[in-house]
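A.B. asks: Quick one: the structure is below, questions incoming.
Coordinate-derived values only; no laboratory data. Since the model is a prediction, treat every value here as computed from it, not as a measurement. All Cβ positions, glycine included, derive from the backbone under ideal geometry; neighbour counts span all protein chains shown.
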Amino acid sequence: MPRTMRVLARTMRAAARVKVLPPGALGAASLLHDGVNDKTDCGGDASLAFAGAFTLIGWVLVPRTPQNYGGMVGRGNGAGSAGYGCFYRTTTGMWDWWVGTYNTRYARFQIPPCKWCVVALQTDGANEIAHVDGVKTTGIVWTGTGDPGTNFRFGIEDAGAAYGAVRLANWWAYGRALSDAEVAAFRRNEAIDSTSVVSHWLMEEGAGASVADTIGPNTGTITGATWSSTITPYKARTMRAAARVMVP
């Protein structure tokens, strides 16, 4: 092929890839909790009071030195005896994911700081399980949560713990344990089976004092947390996919 035609072909291919950005792509793409007194309270609806297998999954960015007992997400009752939650402990340098009774049942794991990661917190009805960017940790047998009589929150894991400095985006709640393959697909920004979806907080409003639950009744009320313009890997991948739109 002559050089002129090769250049023309490259030009045509480039013109065909028009950046059609999804709504909100250039706005706020994550919700920042500063670890002082920020939280997003999603209420106490029974749909998030799981009594069997479930999964919480989404994108998170944590600081280099998280606060001791700083919470990411949870619905604990403040006594570690009902509900579930995830928080950081400086004594171990690890995050704990507990379901049912904290002192005897938890999965302990690390989250790389200062980078966006996919975190999946779940139980299969027998064990606590945590996935962080494909690394899986299995905890100790649990016996169920019941209704802890408190609210589901981001930025703090129960009424008796500390606030956590966490940046969050695109979180989902499922009333079942996602498979390892589904967790991996989520990280690749691929669609997964929507069976038993309970809630979805996209966290891209960019302004205002609430975070919409696009599926269920668990819209969150923001206290202190602020909208960030940081583009998450989730959003970046969505933007790249949208950019590959062929123009007739």
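A.B. asks: Would you tally the net charge around V62, using a Cβ to Cβ cut-off of less than 12 Å, leaving V62 out, and scoring K and R as +1, D and E as -1? Each step should come with its number before you reach the end.
C.D. replies: Values: positive: R64, K115, R167; negative: none.
So the environment of V62 carries a net charge of +3.
A.B. asks: Could you derive backbone 3J(HN,Hα) for segment 86-92 from the dihedral phi with the Karplus parameters 6.51, -1.76 and 1.60 (θ = phi - 60°), listing whole Hz in sequence and x where the residue is Gly or Pro?
C.D. replies: Karplus values, whole Hz, x for Gly and Pro: 10, 8, 9, 10, 5, 5, 10.
A.B. asks: Which cross-chain or sequence-distant (5 or more) residues have an amide H under 5 Å from the amide H of M94, H modelled 1.01 Å from N in plane?
C.D. replies: R89
A.B. asks: Ordered by residue, what ³J(HN,Hα) values in Hz, to whole numbers, does segment 162-176 give under the Karplus form 6.51 cos²θ - 1.76 cosθ + 1.60, where θ = phi - 60° and Gly and Pro are x?
C.D. replies: Going residue by residue, I get 8, 7, x, 7, 9, 9, 10, 7, 6, 9, 10, 10, 10, x, 7 Hz, with x marking Gly and Pro.
A.B. asks: Give me, ordered by chain and number, the residues 5 or more places off V198 or on other chains with an amide H under 5 Å from its own placed amide H.
C.D. replies: Under 5 Å from the amide H of V198 lie the amide H atoms of A173, Y174, G175, each far enough along the sequence or on another chain.
A.B. asks: Continuing with the same structure: For segment 121-128, take each phi angle, set θ = phi - 60°, evaluate the Karplus expression 6.51 cos²θ - 1.76 cosθ + 1.60, and give the result in whole Hz per residue in order, putting x for glycine and proline.
C.D. replies: Per residue, the Karplus-derived 3J(HN,Hα) values read 10, 8, 9, 9, x, 10, 9, 6 Hz.
A.B. asks: While we're on this one: Just order 183-192, 169-178 by mean Cβ neighbour count inside 10 Å, highest at the front, would you?
C.D. replies: Values: 183-192: 15.4, 169-178: 22.4.
My ranking of the peptides, most packed first, is 169-178, 183-192.
A.B. asks: Please report the net charge: other residues with Cβ closer than 13 Å to the Cβ of D133, K and R +1, D and E -1.
C.D. replies: Details: positive: K115, K136, R187, R188; negative: D180.
Cβ neighbours under 13 Å give a net charge of +3.
A.B. asks: Pull out the extension gain between A209 and T91, defined as 0.36 nm times the separation in residues minus the alpha carbon to alpha carbon distance; nm, one decimal. All intermediate terms of the calculation are to be shown ahead of the outcome.
C.D. replies: Working: separation 118, 0.36 × 118 = 42.48 nm, distance 3.43 nm.
Length difference between fully extended and current span is 39.1 nm.
A.B. asks: List every residue whose amide H lies under 5 Å from the amide H of T101, counting only residues 5 or more places away in sequence or on a different chain, with H placed 1.01 Å from N in the peptide plane.
C.D. replies: It is T143, by chain and number.
A.B. asks: Using a 7 Å offset from the Cα along the Cα-to-Cβ direction at both R64 and A51, what is the distance between the two label points in nm, to one decimal?
C.D. replies: 4.8
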